[in-house]
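What follows draws every value from the coordinates through simple rules; no lab data is involved. Owing to the predicted nature of the structure, the values given are computational and were not obtained by experimental measurement. Positions of Cβ are backbone-derived with ideal geometry, glycine not excepted, and every protein chain shown enters the neighbour counts.
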Amino acid sequence: ERMTSAQLRTAFLEYFRKHAHEVVHSSALVPANDPTLLFTNAGMVPFKEVFLGREDRGYVRAASSQRCVRAGGKHNDLENVGYTARHHTFFEMLGNFSFGDYFKRDAIHYAWDFLTEVVGLPAESLWVTVYEEDDEAAQIWLEEIGIDPQRFRRIGAHDNFWSMGDTGPCGPCSEIFYDHGPDVPGGPPGSEDQDGDRYIEVWNLVFMQYDRDSEGNLNPLPSPSIDTGMGLERLAAVVQGVHDNYETDLFVPLIEAAGNIAGISDPKNPSLKVVADHIRACSFLIVDGVLPSTEGRGYVLRRIIRRAIRHGYQLGIDEPFFYRLVEPLESIMGDSHSELSQRREFVEKILYQEEKRFRETLEDGLDMLDDYLARTDSGIIDGEVVFKLYDTHGFPVDLTADIARERGLEVDHDGFERRMAEQRERARAASRFGGPREEVIDAGESRFTGYSNLADVGRIIGIYREG
Ligand code: ATP
Ligand code: MG
Ligand code: MG
Ligand code: MG
């Protein structure tokens, strides 16, 4: 009778409903009217204006299970996927929020009560950190909750001062970790040994006190607030008695479905995990209005899709397959995120088109790379090769870097950037002299410079013309 992820989600929302919180449905992954942010990367994002005192929702407490993507911008976990047990590009963040209502004391008591009483986790397995200067939070944990000082740490700003982005609401935080036990390598929070993940951060309680402006100044918020975030996948792993999020009920059916297509039965195969991660991110990005394209959000989506396709190819799958994982995903998530059920066929269609197209150049690109690697032993993939893979075969740089990492190689990023600059210069010269126009693709992942609905409409029309 271990709780399922669906039960955990419900238990969380019901707990906070009982404590006078308004339960709010997840917002989209594309933040509304916020050009500073690539994707919704935390549960607080849809409430940003409320925290800043610029919007009044008629309630001062809220709880949600917000879908999040961390694959670009300030929070980017793309490179962690497949390498840690706890990071996804897409995940759900359970959160409770106070807009100038309760503050540190209640936030800490609620979190502790939920984990130990509702979910029933043993106190001995939980560790707590606070920001090193936050005596108030330390006192609540040590004296009111009675946490064992052995499992309590004061930590610096790097981990215990949370910000949504370079500007916006922020503040000191307090984090709760679960100790998965001595069988897993890794040191406790704050220790030097950060290589393993025995101690997994489960819940972050942010004491939102400031608004950081573009000059970096911390301006006090109109009233101190609470923003918390707990990864549903990590909580599910703890509750379901597994260390690896990919062994929870949120992932197992996806890994099985991909394994069935590939004819691979080992669920620990890293490519299966990557594919299972990426189908969640890609499906929900499309559900929320992003389409594969050559820039901005659409290019992030394209990069994730192409990585997944390449991993599928690596698994020996020789025809479009990625879209076939939308159905099992809908079985897992459709009830709690009904938008996915409503747009399933559309999502499948976009993923199918993108895969069909990329498969036309993928194999040649990989062959070219193999030829090159057979001729060199420098340990570095030359910028010229990276550029050719990009320009001729549609390999985003991070895809080439992903392959390089698997093989213990590096990518010559500077050389690639030089080629890109040259190409841009050629295109500029060509248009100056009225010559044929070359399409210049912005490969930068962080060069997101805003977003306009018009551009997006253009992109949507574009994809239909192509497809
Ligand atoms: P970590 O240190 O493990 O990377 P974080 O400190 O970056 O996590 P927060 O920004 O504090 O994470 O987000 C709040 C919570 O969201 C985390 O405590 C964790 O449970 C969850 N979370 C964060 N990033 C991810 C991710 N990439 N995949 C799954 N869950 C995540
Ligand atoms: Mg992180
Ligand atoms: Mg952390
Ligand atoms: Mg954290």
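Taking amide hydrogens as placed 1.01 Å from N in the peptide plane, the amide H of R154 sits under 5 Å from those of V130, each at least 5 positions away in sequence or on another chain. From least to most packed, judged by other beta carbons within 10 angstrom and beginning with the fewest, T228, T376, T36, T400 follow the order T376, T36, T400, T228.
If you line up the long axis of helix 344-375 against the longest principal axis of the chain, both from Cα atoms, how many degrees apart are they, to the nearest 10? It works out to around 60 degrees. Derived scalar couplings between HN and Hα for segment 94-102 equal 7, x, 10, 9, 10, 9, x, 9, 6 Hz in order, rounded to whole Hz, by the Karplus curve 6.51 cos²θ - 1.76 cosθ + 1.60 (θ = phi - 60°), x for Gly and Pro. Applying both filters, DSSP loop and at most 15 other Cβ atoms within 10 Å, to the trypsin sites (Lys or Arg not before Pro) of segment 7-100 gives R54, R57, K74. Fewest neighbouring Cβ atoms within 10 Å first, the residues F177, F395 line up as F177, F395. Phi angles across segment 239-250 convert, under the Karplus curve 6.51 cos²θ - 1.76 cosθ + 1.60 with θ = phi - 60°, into 3J(HN,Hα) values of 5, 8, x, 10, 8, 9, 3, 6, 9, 8, 5, 6 Hz, Gly and Pro given as x. When the C-alpha to C-alpha distance is required to be over 29 Å, the pairs from K273/K349; K48/K349; K48/K273; K268/K388; K48/K356; K74/K273 that qualify are K48/K349; K48/K273; K268/K388; K48/K356.
What longest range of the chain stays clear of loop-exposed GluC sites (Glu not before Pro) (DSSP non-H/G/I/E/B, at most 11 other C-beta within 10 angstrom)? Answer from the scan: 216-438.
Local charge for G263 was computed over the other residues whose Cβ lies under 15 Å away, with Lys and Arg +1 and Asp and Glu -1, and equals -3.
Report relative contact order for the chain in percent, whole number only (criteria: Cα-Cα under 8 Å, sequence separation at least 6). Once divided by the residue count of the chain, the mean separation gives 13 percent. Loop-located chymotrypsin sites (Phe, Trp or Tyr not before Pro) in segment 1-78 (DSSP state not H, G, I, E or B) with no more than 11 neighbouring Cβ atoms inside 10 Å do not occur.
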